[in-house]
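Step one of this worksheet: look at the structure below.
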Amino acid sequence: MHFFADYALFFLKIATFVIAILFLVAGLVAIISRDKGKLKDKIKVKKLNKKYNDMRETLRKATLPKTEYKKFAKAKKQQEKQVKRTTKKAVEKKRLFVIDFSGDIRASGVTQLRDEIT
């Protein structure tokens, strides 16, 4: 009977060791797959101009009387037509780029950010 008790104890130790190694391997696989997903991310550029122009138009429409707003809208359409005509000669516009970057205090992700921007 003593032999079976020793064998059962040995089997439980081995099973515990194997389960611990499986958890370790599963954790490493999860960490590696999560890091690979971050490296595949691309920079997404969102144009904020359209959003703010729409908000400005909404405010103008709400605050101006109808006749003044119609005059303004007509003048704006004429201006847009002129801009379309002169786009071939257009001067480069100033642009603002917003980059969502999350890093730590050690700046360990700066090289990755530099590579993505390049």
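The values are calculated or read from the model by the stated rules, or taken from the named source; none is laboratory data. Note that the structure is predicted; figures quoted are calculated from it, not measured. Counting neighbours? That spans all protein chains shown, and the Cβs are built from the backbone with ideal geometry, glycine included. Quick note on the areas: whole protein, heavy atoms, side chains included, nothing else; ligands and nucleic acids left out. Shrake-Rupley method; radii C 1.70, N 1.55, O 1.52, S 1.80 Å.
Counting Lys and Arg as +1 and Asp and Glu as -1 over every other residue whose Cβ lies under 14 Å from the Cβ of ALA75, the net charge comes to +4. Placing a pseudo-label 7 Å from each Cα along the Cα-to-Cβ vector at LYS13 and LEU64 gives an inter-label distance of 8.7 nm. Rounded to the nearest 10 Å², what accessible area does ILE117 have for a 1.4 Å probe in the complete protein model? Here the residue's solvent-accessible area equals roughly 100 Å².
Legend: distances between Cα atoms for LYS44/LYS71; LYS44/LYS70; LYS51/LYS84; LYS44/LYS74; LYS44/LYS66; pairs beyond 30 Å are LYS44/LYS71; LYS44/LYS70; LYS44/LYS74; LYS44/LYS66.
Per-residue accessible area (protein heavy atoms, 1.4 Å probe) orders PHE10, PHE72 as PHE10, PHE72, starting from the largest.
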